[in-house]
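Computed from the coordinates by the stated procedures, all read-outs in this text should not be read as laboratory data. Computed from a predicted model, the values in this text were never measured in an experiment. When we count neighbours, we look across all protein chains shown, and the Cβ atoms used for this are built from the backbone with ideal geometry, even at glycine.
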Amino acid sequence: MAPIAIILAAGKSTRMKSKRPKALHLVCGRPMLQFVIDACYDTGCQRVLIVVGHGKEEVIASFGQDRRIEWVEQTEQLGTGHAARMCEPHLREHQGDVFILTADGPLIRGEVLRTLLRTHREEHAAGSMATAVLDDPTGYGRIIRDGDGQFIEIVEQADSTPEHREIREVFPSYYCLRSEDLQFALSRLKNENKKGEYYLTDIYKILRAAGKKVVAVQAVAQEDVLGVNDRGQLAAIDAIMQDRIQRQLRASGVTIVSGVNTYIEAGVSIGQDTVIQPFTFIGRDSSIGPDCVIGPFTCLPPESIVPEGSAVTGNAGADSLRNTACT
């Protein structure tokens, strides 16, 4: 049975200093929530439950055309565990595996989720997680293992001891659980911690205490762990995503003369042997044929179509392609 996914997107943009819901802030031209949804679909998910709260109308309106999405409202902000509990009526209808992810982690890759799901099923685990090893783990929940390397629990930064804070293996909120085991653990969550919140991470400790198997897989690259809490992190993630987009295009046979002077948004396709000259902007979901020359000093609006063998220089050329100003 295909897995389903829960994406937690109910948080406010407090440190973003923004009226816009955090999940809708753009990374390379797309809302960061879109990257998380796409990773779920890439892993084979047929249904995605998105938990919304702050700015729910704006979030729903942005993705309302996608019929694979089901919206779940969290009216009180009582922690990530409480957010997942809001999905319990839907979970009772699903007998397979469930991913739980956060909307503010757009660097997530479908290939990592596939690795997590494969290991989860091969190990016949009740719950599994993907972990990462960071040079600076400050702020993240630490993975506690026993002497044999088996998972024991996750300790949140706020509840950690100095010894815990020395641990560099962290949990970047990549969950995978059997639906029935997830429901079992959610029903036993307590808020006995310094924040008085229901921590979703506690579900793994609950499963272990019940004698159920929990697996922690080191599968997440260090650069993919960064989430968005402020504008500086948003800019850092955008730069990482931009580098990822350009590397993929170069690997497919595209010449980008000056990467630092080029910005290509998400969803752009470019044909083999096309050359992108410096000081070029290419909007999201544009399609450029092979053997083209784009730039220098060119701005292509989103969804531009450039036929094979074309040469486009300056904004006038881009405007003629779509009769639209590049804004």
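Can you return the lysines within cross-link range of K213? Criterion is Cα-Cα under 19 Å, with same-chain partners fewer than 8 residues away left out.
K205
Can you tell me which aspartates and glutamates have their Cα less than 20 Å from the Cα of K190? Leave out same-chain residues fewer than eight positions away.
Cα-Cα hits under 20 Å: E76, E88, E153, E156, D159, E180, D181, D202.
From the Cα gyration tensor of the range 14-109, with a ≥ b ≥ c the square roots of its eigenvalues, which class applies: rounded if a/c is under 1.5, or else prolate if a/b is larger than b/c, or else oblate? If you can, show how the numbers build up before the last one.
Details: a/c = 1.69, a/b = 1.21, b/c = 1.40.
It is oblate, given that a/c is not under 1.5 and a/b is not larger than b/c.
Once you put a point 7 Å from the Cα of E123 and another 7 Å from the Cα of T14, both along the Cβ direction, what distance in nm separates them?
3.3 nm
Between V260, G81, F63, whose Cα lies farthest towards the positive end of the dipole of the chain when Lys and Arg beta carbons carry +1 and Asp and Glu beta carbons carry -1, centred on the Cα centre?
Of V260, G81, F63, it is G81.
Sticking with the crude label model, points 7 Å out along Cα→Cβ, report the distance from Q233 to A61 in nm, one decimal please.
The answer from the label model is 2.7 nm.
In what sequence, highest mean first, do 126-133, 227-234 appear when ranked by Cβ atoms within 10 angstrom?
Values: 126-133: 23.8, 227-234: 17.1.
Put in order of decreasing packing, that is 126-133, 227-234.
Calculated FRET efficiency, D135 and S269, Cβ-Cβ r, R0 35 Å, to nearest 0.05?
Values: r = 35 Å, r/R0 = 1.00.
With a Förster radius of 35 Å, E is 0.50.
Restrict the search to the range 66-151; then list the GluC sites (Glu not before Pro) that DSSP places in a loop and that have at most 14 other Cβ atoms within 10 Å of their Cβ. Present the calculation step by step, with values, prior to reporting the outcome.
Details: sites: E70, E73, E76, E93, E111, E122, E123; in loops: E76, E93, E123.
Here the sparse-neighbourhood loop sites are E76, E93, E123.
May I ask you to give the average projected area over all directions of the convex hull of the Cα atoms of the chain, in nm² rounded to one decimal? Mind dumping the intermediate values first?
Working: hull surface 71.3 nm².
Value for the chain: 17.8 nm².
Give the residue from G271, V220, F297 lying farthest towards the positive end of the charge dipole for the range 187-327; charges sit on Cβ (+1 for Lys and Arg, -1 for Asp and Glu) and the dipole is referred to the Cα centre.
My answer, from the dipole projection, is V220.
Kyte-Doolittle mean at least -1.0 and Cα extent at least 15 Å along the axis: which DSSP H helices of the chain qualify?
Working: long enough: 32-42 (16 Å, 0.88); 110-122 (18 Å, -0.76); 231-251 (30 Å, -0.44).
Those that clear 15 Å and a mean of -1.0 are 32-42, 110-122, 231-251.
For V260 and Q77, what does the FRET efficiency come to when R0 = 45 Å and r is the distance between their Cβ atoms, rounded to the nearest 0.05? Show your work: numbers first, answer last.
Values: r = 40 Å, r/R0 = 0.89.
The value I calculate is 0.65.
When we measure straight from the Cα of K19, which lysines land under 19 angstrom away, once same-chain ones fewer than 8 places off are left out?
Output for K19: K56.
What distance in nm separates the simple spin-label points at S252 and D146, each placed 7 Å from Cα in the Cβ direction?
Roughly 4.8 nm, to one decimal.
Rounded to the nearest 500, what is the chain's calculated 222 nm mean residue ellipticity when only DSSP H runs of at least 4 contribute -39500 (n - 2.57) each, over all residues? Walk me through the numbers on the way to the answer.
Numbers: 9 runs with 88 residues, N = 327.
Value at 222 nm, helices only: -8000 deg cm²/dmol.
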